[in-house]
1. Can you give the three extents of the C-alpha atoms in the stretch B:262-302 along their principal axes, from longest to shortest, in whole Å?
2. With +1 on each Lys and Arg Cβ and -1 on each Asp and Glu Cβ, and nothing else charged, work out how big the dipole of the protein assembly as shown is about its Cα centre, in Debye to the nearest 20.
3. Rounded, prolate or oblate, given the Cα gyration tensor of the protein assembly as shown, with a/c below 1.5 counting as rounded?
4. Quick one: if you stick a label point 7 Å off each Cα along the C-beta vector at A:ASN127 and B:TRP219, how many nm between them?
5. Using the reciprocal of the averaged 1/r over all distinct C-alpha pairs, how large is the Kirkwood radius of the stretch A:110-173 in Å?
6. Could you please report the charge total around A:VAL31, scoring K, R as +1 and D, E as -1 over all other residues with beta-carbon less than 15 angstrom from its beta-carbon?
7. Treat the count of other C-beta atoms within 10 Å as a stand-in for reagent exposure and order A:LEU45, A:LEU123, B:LEU152, A:LEU78 from fewest to most.
8. Can you put B:THR233, B:THR70, B:THR336, B:THR115 in order, fewest other beta carbons within 10 Å first?
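No lab work stands behind these numbers, since they all come straight from the coordinates. Being a predicted model, the structure only gives us computed values, none of them experimental. Here the Cβ is made from the backbone with ideal geometry for all residues, glycine too, and neighbour counts use every protein chain on show.
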Amino acid sequence: MVGATAKKPLPEENTTNAAAHAASRIRVEQVSHGFDAPDGRLDVLEDVDLDVAPGEFVALLGPSGCGKSTLLRLVAGLEPASAGAISQDGAPITRPDPSRIVVFQDPTLFPWRTVWDNVALGLQAQNILKQEKGRVDAALRKVGLESFAKAYPHQLSGGMAQRAALARALVNNPKLLILDEPLGKLDSLTRLEMQGELVSLWQKNGFSVLLVTHDVEEALFLAQRVVIFSPRPAKIVTEIAVDRPYPRHRDDPVLTSLRHEVLNRLGLGKSW
Amino acid sequence: MSVSATLERLPAEPRQESPGQGISILNPHGASSAPSASGAPQASRISVAAHAANSPLEGRFRFHWFGLLTVAAWSLLGAITLAWPNAPAGFEDWVYTAEFGIAALAVAALLAFFTISASIRIGFLQGANALFRHGAPWIAVSALLLTLWEILTAKTGALPPPFFAPPSSLIEVYVGDYARLADSAYNSVKLLLEGVAWGAAVGFTIGVSIGWSRTVNYWVHPILRFLGPLPPTALLPIAFFFFPSSHAASVFLIALATGFPVAILSWSGVAGVNKAYYDVARTMGASECFLIFRVAIPAALPQVFVGLFMGFGASFVVLIVAEMMGVKSGLGWYLTWAQGYAAYVNMYGALIVMTIIFSSLISLLFTVRDRVLVWQKGIVKW
């Protein structure tokens, strides 16, 4: 594999001890999934095997509509898989849990709540808001929105709204952050800026990350491992390790050659 | 376009009026070698300052011409009422004509004061002055309408008595029949609020249940679809028969009238909630209870308020009909009672009271809505 240098680090070595406490190992074994569509069964996922080590940053890359987002919903526990097993630290995932938080493409902030109350959502749902108010302010500080605590979502720009959605996820101290094209709808400048912020949030908090994206450069800039899916029903085509230190540079020649390889794998090599 | 355009034009005014100043602003800008990026904001700051320096001299006193018009209109009303003798009405003369005329002149005097106050901008009356400036056209027009009304009835008899009464004679109703009218209004409001409270509470609960639970939807939805369109007033005779008192029957019917639209719109509100909101809350460990009370209901509230407005409107109809048909008090009853005595002036008086009460209640609901849905500011206007 290109980019996989002599020493391919074992996932366990990636994380410090402190971070390992806050991160989960996710194991997806032989998972297949489908929906009952009006004209027969629609297979979305086929025999997917995926392992996310504690503290690892994994990007899922594949053609649009191939079923990557469905895999995220299964890992989040929002839906049960048709076949196969998904586990978190050895325990099977049967329902949603605050230790695995999803950030969607749309910020989906509740418009009737202020930014502060939106961020407080998880703590309130778990009935620990009264004791843990400080965590809300801390989460807002992490994403630089402390001065917008009292604003309503419609007063925020797209990037700020997505930051608020990140804070709403971080306040739960997740062990796995599930990102479903979180930067997909942002303008390109804001996207570049937030990519950098995602990396530093991940490094500071140490959780595992599962990121779905369409953006090859984004996947290579952020993730330690890029998993490439085939068109629907989605199968894993290959995995590419991105063994580059953080913070990365976008004009890093290794990343450029990796991009070439990824595009080849996606069947877009000729356009390059 | 227009707002920004006007804003740009405003600071330019003093420059055009006094060319000397304009040159002094433009000169350093043109002559200096400073880059224009830093020069431009400086120039605009100077021009604003020049404008501010001019305005106290020119703009401190600005005569409020519309204020003068309100004074004229109310003086006209007073003068015509006092000076033009009433046409013979076939019975004793309309009462309170002189009092009405004097009151109109008093209003004119008050308006004269506000015209002056708004013109020289008395500081501590700033709020009242602004209100007066805003309302002046309406104040003037309402006086003209009252004048027309007075002329058509008392002065010429073009609209014949006793079916038409001049505005001045309404004073008699409020002074003479004060107790009965106040009692009727009180009973109407009490009955209305009792019915609306029940209807809103039950309708909201049913609506949210249908929107949330499939089982409830299966059983209650057909009933709602079948019985909902029936006008509650059609049930009046039966309701008076079944219920122990006409009061209870009326509460039931008003609740029915309010409850139906509230239920339908609460239901559609809950059913239309963005499903992603539930996903977000569920991944954070939300219970079913949390999903209903913290996600579904707040998200549905804008729709619920639409239902409340519709329900309120329907409840007014039922209230008045019920009072006309069987309840022995209230404004509806007062209307039929006045009709029985051919006391048409009293009917007009009661209608005005009714209008004030109902529109106040609707305004109150608007205020509540604006408080509750403050987050909608900037999203929705209705």
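1. 31, 17, 12
2. The dipole of the protein assembly as shown has a size of about 720 debye.
3. Numbers: a/c = 3.66, a/b = 1.63, b/c = 2.25.
Note, shape of the protein assembly as shown comes out oblate.
4. The answer from the label model is 2.8 nm.
5. 11.2
6. Numbers: positive: A:ARG27, A:LYS68, A:ARG73, A:ARG232, A:LYS235; negative: A:GLU29, A:ASP43, A:GLU46, A:ASP47, A:ASP49, A:ASP51, A:GLU79.
That sum, taken over residues with Cβ under 15 Å, equals -2.
7. Going from least to most buried by this count: B:LEU152, A:LEU78, A:LEU123, A:LEU45.
8. If I rank by nearby Cβ atoms, fewest first, I get B:THR336, B:THR233, B:THR115, B:THR70.
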